[in-house]
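Participant: One structure follows; several queries about it will come next.
The values are calculated or read from the model by the stated rules, or taken from the named source; none is laboratory data. Since this is a predicted model, take the numbers as computed values, not measurements. Here the Cβ positions follow ideal geometry from the backbone for every residue, glycine too, while neighbour counts run over all protein chains shown. Heads up: the accessible areas ignore ligands, DNA and RNA and are worked out on the full protein's heavy atoms, side chains in. Shrake-Rupley method; radii C 1.70, N 1.55, O 1.52, S 1.80 Å.
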Amino acid sequence: MEESPPPLLGCNKPHLEKLTLGITRILESSPGVTEVTIIEKAPAERHMISSWEQKNNCMMPEDIKNFYLMTNGFHMTWSVKLDEHIIPLGNMAINSISKLTELNQSSMYSLPNAPTLADLEDDTYEASEDQPEKPHFDSRSVIFELDSCNGNGKVCLVYKTGKPALAQDTEIWFLDRALYWHFLTDTFTAYYRLLITHLGLPQWQYAFTSYGISPQAKQWFSLYKPITYNTDLLTGETDSFMNKLDPSKVFKTKNKTVIPKKKGPVQPAGGQKGPSAPSASKPSSSSANPIRK
């Protein structure tokens with residue numbers, strides 16, 4: 001069982017600053033954001049990578065090796081404070097080597113003759129010119145879980161040609177809860193940048209699907225705009241019922257400045273009246289200009 005060191009609030013170490021691409025400073029300066037936390041993990045040893053490759057008969061891509069030699073997994077979270085309540089929001093995670101496990105292809109249930117993931121696969125989809133061929137749950141592909149996405153799906157490292165698997169045959173795909181595949185990136189490095197620049201917002205992976213993110217997730221996207229996200233996608237059909245959030249109003253303090261009321265004119269003592277306004281029935285001297293015949 002792995003032991004995780006205590007979390008670090010903020011990012012005050014040079015290697016962590018490099019690992020997070022400086023995103024902590026952006027988060028800490030955002031309205032309402034609190035508890036930006038990074039769980040520091042020790043680098044993996046090279047024999048751990050070699051053991052993983054031998055066990056799974058797969059060659060690990062160089063960029064993933066370099067990542068694990070810097071940190072054996074990654075976990076960064078942040079929260080927002082609304083009405084004195086702290087709400088966990090952002091979550092960025094990469095599984096450690098020990099948790100970089102192959103997707104279970106055995107029976108999903110303990111009953112005999114129960115279907116497997118391969119049995120549930122839909123082979124009617126064919127790859128188009130702008131979309132690569134999707135992974136398969138059977139022996140044609142080897143699939144490892146990088147991130148469980150808090151139950152919203154799975155980000156997977158996919159070897160497209162089966163075992164023995166070569167490093168250059170890998171891609172990063174997103175498997176949604178309905179077991180549909182969505183292509184993310186060609187390399188792990190490109191995916192890691194997507195993870196960081198999308199701030200770990202809920203359901204951000206669904207921005208790369210045909211049906212997009214949920215209306216609730218759009219609320220958070222409109223408030224904390226990801227660095228690389230196309231904000232034009234926020235102005236869709238749901239604009240008619242999506243509230244527009246203003247950070248200055250959502251996170252404003254409850255201490256209101258008391259503005260003194262203006263006092264009316266004080267009447268002079270003795271009941272004397274002040275100068276009265278000119279009567280509406282009498283024209284002023286400037287406007288009275290009789291025409292002489």
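Participant: Can you give the FRET efficiency to the nearest 0.05 for residue 34 and residue 193, using r as the Cβ-Cβ distance and R₀ = 22 Å? Mind showing how you got there, number by number?
Facilitator: Working: r = 25 Å, r/R0 = 1.14.
Rounded to the nearest 0.05, the efficiency is 0.30.
Participant: Additional query: Please compute the net charge surrounding residue 190, taking Lys and Arg as +1 and Asp and Glu as -1 over other residues with Cβ under 12 Å from its Cβ. Intermediate results must be reported in sequence, preceding the final value.
Facilitator: Details: positive: 193; negative: 63, 171, 186.
Local charge sum for residue 190: -2.
Participant: Which three semi-axes in whole Å describe the equivalent ellipsoid of the stretch 164-203, each the square root of 5 times a Cα gyration tensor eigenvalue, listed largest first?
Facilitator: On the way: eigenvalues 82, 51, 7 Å².
Working through the eigenvalues yields semi-axes of 20, 16, 6 Å.
Participant: Which order do 63, 176, 119 take when ranked by solvent-accessible area (1.4 Å probe, heavy atoms of all protein chains), largest first? Write out the running numbers ahead of the final one.
Facilitator: On the way: 63 40, 176 5, 119 105 Å².
Largest accessible area first, the residues go 119, 63, 176.
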